[in-house]
1. Want the number for VAL48 to VAL22: 0.36 nm per residue separation, take away the alpha-carbon distance, what's left?
2. Jot down the radius of gyration and Dmax of the chain, Cα atoms only, both in angstrom.
3. For TYR88, list long-range residues whose amide hydrogen, built 1.01 Å from N in the peptide plane, is under 5 Å from its own amide hydrogen.
4. Hey, can you find the accessible area per residue of the chain for me, probe 1.4 Å, expressed in square angstrom?
5. When the accessible area of the chain is computed with all protein chains present and a 1.4 Å probe, what percentage of it is carbon and sulfur?
6. Of the candidates VAL82, VAL22, VAL54, which one comes out as most mobile in a Gaussian network treatment of the chain with C-alpha springs shorter than 10 Å?
7. Rounding to the nearest 10 and keeping the result within 0 to 90°, find how far the Cα-based axis of helix 7-65 lies from the longest principal axis of the chain.
8. Among VAL83, VAL23, VAL32, determine the one that fluctuates most according to a GNM of the chain built with springs between C-alpha atoms less than 10 Å apart.
Amino acid sequence: MYHEVTYQDIARQRRNRIIAAVVAVIIAIALVVAFMAASAIGREQGTVTLRESVLDAAKQCCAVEGSYPSSLSHLEQRYGLVVNRADYDVRYEWLGDNVLPSVVVTLR
């Protein structure tokens, strides 16, 4: 059976295509925003984890050697601490042999 394509049919098809394209663009934008937010949250969590790792290594050093290390490089060389210096800036302040060092980790 022959069905004549009317102007309304063409307009409806065009409208449906436009709606589908707009929905696809909105979904793509939502995915990009969600990925960026997750990435930022992961980087922030990385600062917390790195700080805890530095402090744990310093405590281990104190338990083994009897004093806290005077530098971050001591922890890297002898206790296997790995610092991603491309993403994080670590400020390690030694306060004394028997005082837990001050550690501040920030994103670059």
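The values are calculated or read from the model by the stated rules, or taken from the named source; none is laboratory data. As the structure is a computational prediction, the values presented were derived from the model and not from experiment. Ideal geometry is used to build each Cβ from the backbone, glycine not excepted, and the neighbour counts take in all protein chains shown. Just the protein is used for accessible areas: all its heavy atoms, side chains included, with ligands, DNA and RNA removed. Shrake-Rupley method; radii C 1.70, N 1.55, O 1.52, S 1.80 Å.
1. Working: separation 26, 0.36 × 26 = 9.36 nm, distance 3.96 nm.
Roughly 5.4 nm would be gained on extension.
2. Gyration radius and largest Cα-Cα distance of the chain: 28.3, 93 Å.
3. Excluding prolines and chain starts, which carry no amide H, the hits are ARG108.
4. Working: 7970 Å² over 108 residues.
It amounts to 74 Å² per residue over the chain.
5. Values: 4700 of 7970 Å².
Ligands and nucleic acids excluded, carbon and sulfur give 59 percent.
6. The residue with the greatest mean-square fluctuation here is VAL22.
7. 10
8. So, out of VAL83, VAL23, VAL32, the one fluctuating most is VAL23.
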